[in-house]
Amino acid sequence: MAETLNAEHRPPQGEAGERIERLWARSMTALIVLLLVVLVFTSAHWGLHPPSRLETIDSTSLHKGGEFSEANLGTSIAPDGSTVVRVVAQQYAFVPSCVLVPAGVPVTMRLASADVVHGFLIQDTNVNAMVVPGYVTTVRTTFRDSGERLMPCHEFCGVGHQAMWAHVRIVDAKQFPFEDAKAKAVSCG
Ligand code: CUA
């Protein structure tokens, strides 16, 4: 078959071939370097990191009590004064559906799934993580500006996936009900 190929269709030989190979090797190296730069830039500049803690939980019994029981869902002020948001992700909603947080205060978000893999991100922030059944996802952030943000699920979780999202209402720290949140979890009511 080879002898039926005319010169036009044969791959370049000798020096021309080597030149093309070098060109490809250089462009692929440049592409890999570019992707590494993007990776370092997003993790350093935007503070995007994979959740680093490994904490397990029984996803089938979240509703039976414990940290993720209904009364604990929302934003609470822990005894040490830290702000903790607890959210359950389930097909096809986040509970609570509207999260209330103070601006300018470090916030720890803790999420657990009641069924399958979900994901969440909060628009215009560095919050972006997966929620895997059996594990607690912990993300720490400080919301800079007050306003409403959308928090969609970004992992395909079933037929209702596209309708799964929550709101995050970031309010001025002066307007946040810190005293109420010490007694019980609050959300936008
Ligand atoms: Cu939950 Cu997609």
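The values are calculated or read from the model by the stated rules, or taken from the named source; none is laboratory data. All values reported here derive from a predicted model rather than from experimental measurement. We place every Cβ from the backbone using ideal geometry, glycine too, and count neighbours over all the protein chains shown.
When the stretch 73-92 is filtered for residues that are closer than 26 Å to T142 by Cβ and either surrounded by fewer than 17 Cβ atoms within 10 Å (Cβ to Cβ) or small (G, A, S) (or both), the ones remaining, listed by number, are G74, S76, A78, P79, D80, G81, S82, A89. Do we have A129 as closer than 23 Å to I77 by Cβ and within 16 Å of the ligand (Cβ to nearest atom) here? For A129, the condition - closer than 23 Å to I77 by Cβ and within 16 Å of the ligand (Cβ to nearest atom) - is met. Within the stretch 149-174, the residues that satisfy the criterion of being surrounded by fewer than 17 Cβ atoms within 10 Å (Cβ to Cβ), part of a helix (DSSP H, G or I) and in contact (Cβ under 8 Å) with a residue 60 or more places away in the chain are A163, A173. Screening the candidates V101, V84, V88 for the property of being within 16 Å of the ligand (Cβ to nearest atom), modelled with pLDDT of 95 or more and under 18 Å from the mean Cα position of the chain (by Cα) yields one hit, V88. Kindly evaluate L54 against the criterion of being exposed (fewer than 11 other Cβ atoms within 10 Å of the Cβ) and assigned to a loop (DSSP other than H, G, I, E, B). So L54 passes the test. Only a single item in (1) assigned to a strand (DSSP E or B); (2) of a type in the set (A, V, I, L, M, F, W, C); (3) surrounded by fewer than 18 Cβ atoms within 10 Å (Cβ to Cβ); (4) within 12 Å of the ligand (Cβ to nearest atom) is not met by F120, and it is number (3). Criterion applied to V95, V99 was being touching an Asp or Glu at 6+ places or on another chain (Cβ under 9 Å), at negative phi and among the hydrophobic types (A, V, I, L, M, F, W, C), and the one residue passing it is V95.
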